[in-house]
Every structure is written in structure tokens, then in C-alpha cells.
1. Could you check the simple spin-label distance between Ala84 and Asn7, using points 7 Å along Cα→Cβ, in nm with one decimal?
2. Under 5 Å between amide H atoms, partner at least 5 residues away or on a different chain: which partners does Ile49 have, H built in plane at 1.01 Å?
3. With the Cα gyration tensor of the chain in hand, convert its eigenvalues to equivalent ellipsoid semi-axes via √(5λ) and list them largest first in whole Å.
4. Pull out the extension gain between Val323 and Lys36, defined as 0.36 nm times the separation in residues minus the alpha carbon to alpha carbon distance; nm, one decimal.
5. Give me the distance between the Cα centres of region 188-215 and region 218-239, rounded to whole Å.
6. Under the rule of -39500 (n - 2.57) per DSSP H run of 4 or more residues, summed and divided by the residues of the chain, what mean residue ellipticity at 222 nm is obtained, to the nearest 500 deg cm²/dmol?
7. How about region 200-252: which GluC sites (Glu not before Pro) there are in a DSSP loop, with at most 12 other Cβ atoms within 10 Å of their Cβ?
8. Would you calculate the separation in nanometres between label points at Glu342 and Ala186, each defined as 7 Å from the Cα along the Cα-to-beta-carbon direction?
Amino acid sequence: MRQLSINRLKEGDILGRTIYANDGRVLLGKGMALTKSYIDRLKTLGINILYIDDEVSKDIIVEDIISEEHRREAMASLDNAVQAVKVGKDFDGFNVKRNIDNIIQDILFQKDIFIGLTDMRTYDNQIFAHSVNVCVLSIVLGKALGLDRENLEGLAIGALFHDIGTVKLPKKLLSKREPFTPKEAALYQTHTNHGFDILRTKRELNLLSAHIAFQHHERLNGNGYPRKLEGDAIHQWAQIVGIANFYDNLVNDGPGHTHIPPYEACEILMGSAEKFFPKNLVITFLKHIAAYPTGCTVKLSTGETGIVVDQNKSLPMRPIIRVLVADQTLSRVQAKEYNLVEERTLFIESILE
């Protein structure tokens, strides 16, 4: 399986991962052969990158750190909560806890966690997919920091609902991918206040989870919002979710922005240490991130193009690359692999979408 830009798809390509709606319904199932109408529909939905299975990549395994079922259930429970809030009703916090417990269990079960999966997001499910991803990333960081099960639950719930306040914002604003105007930015920033007001009334949820929604855009240097808190005035859970939110917004399209490659996002996040986020949290977080995710296509310093087939977790910037080479003698295409830990003069120049 490998990543491919929507613009490079061709009829007959086989979908490698299921694409879901915001409520967890299947939009297009794994194994489907893509037709022109399917490809056109995916473009209309706003999907930029997806996964395909082909002869070149059929043995490449791109694993999610939580089960597909648990990711789908979390998106569905978040969608149910959003729909309830929209009409002024309460939502089932206990059901959310059950879904959160499943995700926590998935993550606690794993010994070494390395994240490199790219979401296939539509305009409609972007907020939901983003929120589940931030939840997963926050649990991974919380686990690495030694948080116990009870604290991981409070952290995870706050992470899942960190953007619940956007339900109060215009849909047109949330669908915008170009930079916000100052007026639009000011309106978008109100989602932290809205989120806190929504969550703090939920007695079955930890009040600190509401403070995550309130504080996840605060920054160490006081340049965040809504209260311009500094340093230790920002709760650790909000700092954790702030990092996860910051990174996920860099590598995926979202309100007011488009995406950049993961290796660039890692550099930007590292540069934010001690300005936006505590350095120890940033370093711990980046230990679990693949700068060049498995399945992505890269250009090497030799001019060759290859696919990332595996990771060196001790050196995440130096993965294993498969390059296809035409064998004129045998009249076929063969593959060779470079382990960049061993090939020290070889470098990745860019990710190709």
C-alpha cells in the first residue's frame, strides 16, 4: 500500500484504505477499483491524498495504531455529540468514555509506537478526523509521559472534544482553506470559549477536559488565545493537546490553512520548543512521529524516486526506501532498496504527492 495524490490517480487503481463519512459510515470501501466518477467525486469531497494497493506496493504495510473500528466509532460518537449540541440537546458522555477506553486500550497494548498514517479527509469530516487524530496523538504523548489510566481518560476526552466549540461557527468559515482575514481569525478563535462552555456543564466528564478546549491554543510565550496565558499557567493536558493539535494542523488541510509534508512539520514543531511548548514535551512527541511516513513517495539526492517501505525508529529521518529500476536485459522493472542509516551519503530531498 502507498500514498498517492488524488491528481495522480487513474481508473482501475485499487483503494487501499476505507474512506469514512463524519458519522462513521463507509463512503468508499477498501479494495474498490476506482472509476472516473469515483475519482471525480473524491475530488469534490475535498480529499487530496489516499492509499492505493498495486504491484509495486502490495507488500508495504501501513498500520494505524488504533483499530479501524475504534477510529470509526470515535468519529461517530463525536458526530452524535455535535448534532446534539447544534439543536441544544445534551449528549451521552458515558458512550464517549466507552469509545475513549477502547482507543486507550489499543495504545496501551503497544510497546513501541511510531505514527505515520495520513488521514483521508473530506471537507465534511475534517473536524471529526482531526479531533480523533489529536486524541490519539495526545494519548501517545500522555502514555510516554507516564500518565495513569484515569488521567489518560481525562486527557483523551478533552482532546477528542478540543474543537467542539467550532459547532457554533459558520460552516463556510470551517470549509475555508485560504488564510483567514483578521476578522475571520477573531471569529474562529471564539471556538475555545464555546468549547469550554459546552463541556463544563457535563458532570460525567472531568472539568479539566473542558479546560483543554479552553487552553489548547495558549502558548508558553503568552502569544496564544483566548487569555494569553504564559508558562505553567497553561495546564499540562492543554499543552499536550496543543502540541498534537499544532502538528496535525500542519500535516493536514483545515480551517484557514493547507498542509505541509511531515518532515517540514517536525522541523517547525522543533523550532516551537520553549516558545510555544515545553521542550521536553516536543522532544518526547517527535520520538513517536515518522518524518517520512511509510507508503509515501520521495525524491532522493541521486535523482531517483522511491517509496518509503519501512522505518528506522532510532533515526526517523533515515527510513528505508524502495526504488524501481528498469532492467533492460530482462525487459522488466525490478526493485532495489536503500537503508538510509547505512547509505550515509544518500538523502531525501522531498516528498512527492
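1. With each label placed 7 Å out from Cα toward Cβ, I get 4.3 nm.
2. Ile6, Arg121
3. Details: eigenvalues 243, 108, 71 Å².
Sorted largest first and rounded, they come to 35, 23, 19 Å.
4. Values: separation 287, 0.36 × 287 = 103.32 nm, distance 2.85 nm.
Extra length available between Val323 and Lys36 comes to 100.5 nm.
5. First find each Cα centre; the distance between them is then 15 Å.
6. Working: 12 runs with 141 residues, N = 353.
Result for the chain: -12500 deg cm²/dmol, rounded to the nearest 500.
7. Numbers: sites: Glu204, Glu218, Glu230; in loops: Glu204, Glu218, Glu230.
Answer by residue number: Glu204.
8. So the label points at Glu342 and Ala186 sit 6.0 nm apart.
The values are calculated or read from the model by the stated rules, or taken from the named source; none is laboratory data. Since this is a predicted model, take the numbers as computed values, not measurements. Positions of Cβ are generated from backbone atoms using ideal geometry, with glycine treated the same way; all protein chains shown enter the neighbour counts. Remember, those area values only see protein heavy atoms, side chains included, never the ligands or the DNA or RNA. Shrake-Rupley method; radii C 1.70, N 1.55, O 1.52, S 1.80 Å.
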